[in-house]
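In what follows, a structure is listed as structure tokens, so that the remarks can point back to it.
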Amino acid sequence: MKVLLTDNDHCILELIIILPISDDIKSTINGLESKKWIMEKKYDLLLLDYKMPNLNGGDYIKNLRENSKLNRDIPVIFVSGRSQLNEIDLYKN
């Protein structure tokens, strides 16, 4: 399973990377870098922070669903301690 993890909190990245969810996890603290990677390579799962300084998770997902051929239907799990549930609900589809 290929997993892309994007969160601007180093602690979250380190915690998730040690979980035995995959032997192929690529991680970044930069939403723009993650966006570039996900447009170039097929992933099975996206773990994404909702509130990032350079690109919020909602805009990221909207752009992904509209513009990615490889990962348009990728499952997304938001990992964020700061988001309101009603904000995330806007991007379920």
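Assorted remarks:
- Meets criteria (polar (S, T, N, Q) and crowded, with 19+ Cβ neighbours inside 10 Å) for ASN71: yes
- For region 39-68, the set of residues classified as of a type in the set (A, V, I, L, M, F, W, C) and part of a loop (DSSP other than H, G, I, E, B) consists of MET52, LEU55, listed by residue number.
- The set of residues from region 6-38 being of a type in the set (A, V, I, L, M), at pLDDT 80 or above and not in a loop (DSSP other than H, G, I, E, B) comprises ILE25, LEU32, ILE38.
The values are calculated or read from the model by the stated rules, or taken from the named source; none is laboratory data. Since the structure is predicted, the reported quantities are computational estimates derived from the model, not experimental observations. Methodologically, a virtual Cβ is constructed for each residue, glycine included, from the backbone with ideal geometry; neighbour enumeration extends over all protein chains shown.
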